[in-house]
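Since the structure comes first, as structure tokens, the remarks are kept for the end.
The values are calculated or read from the model by the stated rules, or taken from the named source; none is laboratory data. All values reported here derive from a predicted model rather than from experimental measurement. Every residue, glycine among them, receives a Cβ derived from its backbone with ideal geometry; neighbour counts consider all protein chains shown. Accessible surface areas use protein heavy atoms only, side chains included; no ligands, DNA or RNA. Shrake-Rupley method; radii C 1.70, N 1.55, O 1.52, S 1.80 Å.
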Amino acid sequence: MRMKGALAAGLLLALTVVLPVRNSHAGEGTDVQAEIVLKVCCDRLATLKSYSFLAEVDRDFAFPTGDSIRLSQAITTRVQRPNRFRCDIIGDDRDGAYVYDGKTLVSYDADANVYGTVEGRGSTDATVQHVIDQYGLQAPLANLLYSAPCASFDLDKVTGRYLGLHSAAGRPCHHLVFFGQDMNWQIWIDEADGLPRKIVVTDKSLPGWPQYTAVLSKWNTEAKFASSIFVFTPPKGAREIPVLPLGQGNTGN
């Protein structure tokens, strides 16, 4: 992000023009207004030390035929930076949890009552990125866990536009859209507190362009957690199974 904090805040109040998105193509760069609003959100998230939120997710599951179905999840997320988090999931396709205590990440499937463990990489940032790269974890909301939530964004390689003040999660929000080569994404950022209230990701690399939508609510930016929150205790009868990196599935050995 190129704008300094004080300048960004001043310009945000002054800018009122909604820029058109017609005939936009990936790679045209991000307009100043969209960049300023996103920076306010990124800076706000980066200040959080211990926080929680609820993500109500709808995601498309795409079949090779181009058909798709929509699955829903409710994900309660609790984060204690720099190296603890817990995500409890209730969903159409699975119930379970991800729990990281600073040393070991546990993935629990409540339907099968099984769990697997992965050795952590210290910080939440490094651990989550490790399991995404090595184990194929799909985590569209992973940036909300990171200490630097927007460090991976390159706004020069997308076309980013400010669309105006629109409602999300029942609150007035700045609505931004970003067009990329393989992915488009939108974000609604709360006008009052700078927190994200809705995110929509469109995967253009798959047939039917499936979408992932998350409505974010119940933010607690000064949450207090008992240490036991980030400790996984296997439920009665749960069994541990191996977690294999990509390319190391069942080989028959």
12 Å beta-carbon shell around Ile69, net charge (K/R +1, D/E -1): -3
Column: log10 I(q)/I(0), Debye, Cα scatterers of segment 127-188, q = 0.12, 0.26 Å⁻¹: -0.40, -1.17
Whole-Hz couplings from phi, Karplus 6.51/-1.76/1.60, listed for segment 35-41; x for Gly and Pro: 5, 5, 4, 5, 5, 4, 5
Ranked by how many other beta carbons lie within 10 Å on average, peptides 163-172, 51-60 from highest: 51-60, 163-172
Label-point gap, in nm, between Leu165 and Ser50 - each point 7 angstrom along Cα→Cβ: 3.5 nm
Ranked packing of 61-74, 211-224, most packed first, by mean Cβ within 10 Å: 211-224, 61-74
HN-Hα J in Hz across segment 55-71 - Karplus 6.51, -1.76, 1.60, θ = phi - 60°, x for Gly and Pro: 10, 9, 10, 10, 9, 8, 9, 8, 9, x, 6, x, 6, 8, 10, 10, 10
Cross-link reach list, aspartates and glutamates versus Lys236, counting only Cα pairs under 20 Å and skipping chain neighbours closer than eight places: Asp88, Asp95, Asp109, Asp111
Cut-off under 5 Å, modelled amide H: who pairs with Gly164 long-range: His175
Sites Asp93 and Glu191 - FRET efficiency at Förster radius 25 Å, r taken between beta-carbons, to 0.05: 0.15
Using a Förster distance of 25 Å, the FRET efficiency for Gln181-Thr65 (Cβ separation, nearest 0.05): 0.55
Percent breakdown of C-alpha pair distances by 5 Å bin, ordered from the shortest bin, for segment 29-102: 3, 13, 14, 14, 15, 16, 15, 9, 2
Cα-Cα P(r), segment 146-243, percent of pairs per 5 Å interval: 3, 10, 14, 17, 15, 12, 11, 9, 6, 2, 0
Share of Cα-Cα pairs in segment 73-144 lying beyond 18 Å, as whole percent: 34 percent
Estimated FRET transfer efficiency when R0 is 25 angstrom, pair Ser147-Lys204 (beta carbons, to 0.05): 0.30
Normalised contact order of segment 107-252, rounded percent, pairs of Cα under 8 Å and 6 or more residues apart: 21 percent
Percent of alpha-carbon pairs separated by more than 23 Å within segment 65-193: 47 percent
Estimated distance in nm for a label pair at Glu28 and Ala226, the labels positioned 7 Å out from Cα along Cα-to-Cβ: 5.4 nm
Helix 5-14 vs. the chain, principal-axis angle (Cα, 0 to 90°, nearest 10): 60 degrees
Overall form of the chain per C-alpha gyration tensor (a/c, 1.5; a/b vs b/c): prolate
Cysteines having no other Cys beta carbon under 4.7 Å from their own, within the chain: Cys41, Cys87, Cys173
Solvent-accessible heavy-atom area per residue, rounded to whole Å², over segment 155-253 at 1.4 Å: 57 Å²
Apportionment of accessible area to carbon and sulfur, the chain, percent (1.4 Å): 53 percent
Within the chain, helix-based [θ] at 222 nm, where runs of 4 or more DSSP H residues each add -39,500 (n - 2.57), nearest 500: -4500 deg cm²/dmol
